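The values are calculated or read from the model by the stated rules, or taken from the named source; none is laboratory data. All figures in this text were calculated on a predicted structure; none of them were measured in a lab. In this analysis, Cβ positions are derived from the backbone assuming ideal geometry, glycine residues included, and neighbour counts consider all displayed protein chains. Just so you know, the surface numbers come from the protein's heavy atoms only, side chains and all, with ligands and any DNA or RNA stripped out. Shrake-Rupley method; radii C 1.70, N 1.55, O 1.52, S 1.80 Å.
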Amino acid sequence: MHIPLPPTGPRPAPARGTFQPLTIRTARDAVAAAAEYLRWLGFRDVVQPEERPASGVDLRAPGLVAQVDPSTRPTGLRAVECLWLNGLSTSAVSVCFSLAGYTPEARSRAAEIGLPLFVLDLTGTPQPVNDAADGLATGA
């Protein structure tokens, strides 16, 4: 009897349609665009609190915390570390979105801890910034 070996190569990404971005005009639009992207990635029950909590977490779902920085300044190291710690304390994946990009220190730290970083353009299309974000976006 022949028993096939388990696949060792990369698995194909789950079939999903093309992401439909939301145009960003306000900070609230940026959060909504990130929420839609996370749903497209497969996270369920993504919710956005009415008021931004002190933790800085803009979006939550089972097993997920996400922060969206709609400012015109690059997201810094403190924001990345606080988000990561928030994810650790809730046993959740942490994901960060920024309109203005990230400081070199934030990018370096995110790479060390495996925190996915995305940049949102004004069309609402997230672009992966680091390997962790690439992996999340491709389902790897």
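When the range 1-43 is filtered for residues that are modelled with pLDDT of 65 or more and charged (D, E, K, R), the ones remaining, listed by number, are Arg16, Arg25, Arg28, Asp29, Glu36, Arg39. Scan the range 93-120 for residues that are open to solvent by 20 Å² or more (accessible area, probe 1.4 Å) and either touching a residue at least 40 places away in the same chain (Cβ under 8 Å) or of a type outside the set (Asp, Glu) (or both) and the total you get is 13. Within the range 44-77, the set of residues being more than 18 Å from Leu99 (Cβ to Cβ), modelled with pLDDT of 85 or more and either open to solvent by less than 40 Å² (accessible area, probe 1.4 Å) or of a type outside the set (Val, Ile, Thr) (or both) comprises Arg44, Asp45, Val46, Arg60, Ala61, Pro62, Gly63, Leu64, Val65. Restricted to the range 121-132, and to residues there that are among the hydrophobic types (A, V, I, L, M, F, W, C) and in contact (Cβ under 8 Å) with a residue 24 or more places away in the chain, the residue that is farthest from Leu64 (Cα to Cα) is Leu122. Against the test of being under 23 Å from Asp134 (Cβ atoms) and among the polar types (S, T, N, Q), the options Thr103, Thr26, Thr72, Thr90 yield a single qualifying residue, Thr103.
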